[in-house]
Amino acid sequence: MYTDTAGEAEIRAAFPQALAEPVEAGWEDRWKAFHRPARAGGLWIGPPWEPPPASEPTVIVDPGRAFGTGAHPTTRACIELLARLERGSLLDAGCGSGVLAVAAARLGFAPVFAVDADPVAVAVCAETVRSNGVHVQVASADVLRDELHRTDVAVANIELGVVEALLVRLPAPTAITSGYLEAETPRVPDWEPVDRLELEGWAADVLARRH
Ligand SMILES: C[S@@+](CC[C@H](N)C(=O)[O-])C[C@H]1O[C@@H](n2cnc3c(N)ncnc32)[C@H](O)[C@@H]1O
């Protein structure tokens, strides 16, 4: 965990055995060296400092402090599964950097809504949408408490417990879920698995609401 002096004091108060060591200047941006382009669903996904290919549709992402370069296996698996679905309206629940919402818009989903509970993610997502020149409505929302957009498809790459709690209240007939390991599957009454992709030990599912 990275923190400042005040944060270190708080951590020590809660966990007296905690070990701390200083980090070199520039640690905030060191992840950029690992932000490499990826491909999924026929899209090239990469950072703004990499030259994009001329012949492929692109998703340019600079996630900053939000989650989602596009290269994580769960994100790539969600995009692959999105590309297999019939196009329609879409909710990106827990949008992080906005990579899935922008990928969905590129693939032809419309209208696209993106929400996150983290204000940093909401700001980064709005910038990703703007810089890619796509139409996505971005808003702050807790997907477990707030009213959700009624869409044809919802995608949620969060973690198993949150995904299961979300499915119980999700107003969509089809969901793509991820954020958990190959050995795990969301188990929620009224939803049945219809497709699954496993990538590097992670899993993503397409689920359909039973009528
Ligand atoms: C693993 S990141 C996924 C980011 C991006 N969708 C992707 O696939 O790369 C999960 C995101 O869900 C958000 N999140 C977690 N719980 C949430 C909740 N209850 N309501 C809204 N957003 C939530 C986090 O803030 C984070 O941005």
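Determine the dipole magnitude for the chain: charges of +1 sit on the beta-carbon of Lys and Arg, -1 on that of Asp and Glu, nothing else is charged, the reference point is the Cα centre, and the result goes in debye to the nearest 20.
600
Please compute the contact order of the chain in relative form: average sequence separation of alpha-carbon pairs under 8 Å and at least six residues apart, divided by the residue count, as a percent.
Over the chain, the number comes to 15 percent.
Got a sec to turn the phi values of the stretch 159-172 into Karplus ³J(HN,Hα) couplings, 6.51 cos²θ - 1.76 cosθ + 1.60 with θ = phi - 60°, whole Hz, x for Gly and Pro?
For the stretch 159-172, the Karplus-derived couplings read 6, 3, x, 5, 4, 5, 5, 5, 4, 4, 10, 6, x, 9 Hz, x marking Gly and Pro.
With unit charges on the beta carbons (Lys and Arg positive, Asp and Glu negative) and the dipole taken about the Cα centre of the stretch 35-209, which residue among Ile158, Ala77, Gln137 sits farthest to the positive side?
The residue sitting most towards the positive pole is Gln137.
May I ask for the Kirkwood hydrodynamic radius of the chain, worked out over all distinct Cα pairs and given in angstroms to one decimal?
This gives a value of 17.9 Å.
Spelling out what I want: for every residue of the stretch 108-122, take phi, set θ = phi - 60°, compute 6.51 cos²θ - 1.76 cosθ + 1.60 (Karplus), and round to whole Hz; glycine and proline get x.
x, 6, 6, x, 10, 10, 10, 9, 8, 7, 8, x, 5, 4, 4
For the chain, with every protein chain kept in place, what is the accessible area per residue (1.4 Å probe, Å²)?
Ligands and nucleic acids excluded, the figure is 53 Å² per residue.
Quick check: residue separation of Ala18 and Asp152 times 0.36 nm, minus the Cα distance between them. What number comes out in nm?
Stretched fully, the Ala18-Asp152 segment lengthens by 43.5 nm.
Can you work out the FRET efficiency for the pair Glu182 and Glu86, with r the C-beta to C-beta distance and R0 = 30 Å, to the nearest 0.05?
Efficiency at R0 = 30 Å is approximately 0.70.
Need one number: % antiparallel among DSSP beta bridges in the chain, to the nearest 5.
50
Using only DSSP helix segments of four residues or longer, with each worth -39500 (n - 2.57), what per-residue ellipticity at 222 nm results for the chain after dividing by its residue count and rounding to 500?
-8000 deg cm²/dmol, from helical runs alone.
Which order do the peptides 41-53, 118-130, 96-108, 63-75 come out in when sorted by mean C-beta neighbours inside 10 angstrom, highest first?
96-108, 63-75, 118-130, 41-53
When only the heavy atoms of the protein chains count and the probe is 1.4 Å, how do His211, His135, His35 rank by accessible area, highest first?
Most to least solvent-accessible, the answer reads His211, His135, His35.
The values are calculated or read from the model by the stated rules, or taken from the named source; none is laboratory data. No experiment lies behind these values; they were computed from the predicted model shown. Ideal geometry is used to build each Cβ from the backbone, glycine not excepted, and the neighbour counts take in all protein chains shown. Keep in mind that these areas ignore ligands, DNA and RNA; they rest on the heavy atoms of the full protein, side chains included. Shrake-Rupley method; radii C 1.70, N 1.55, O 1.52, S 1.80 Å.
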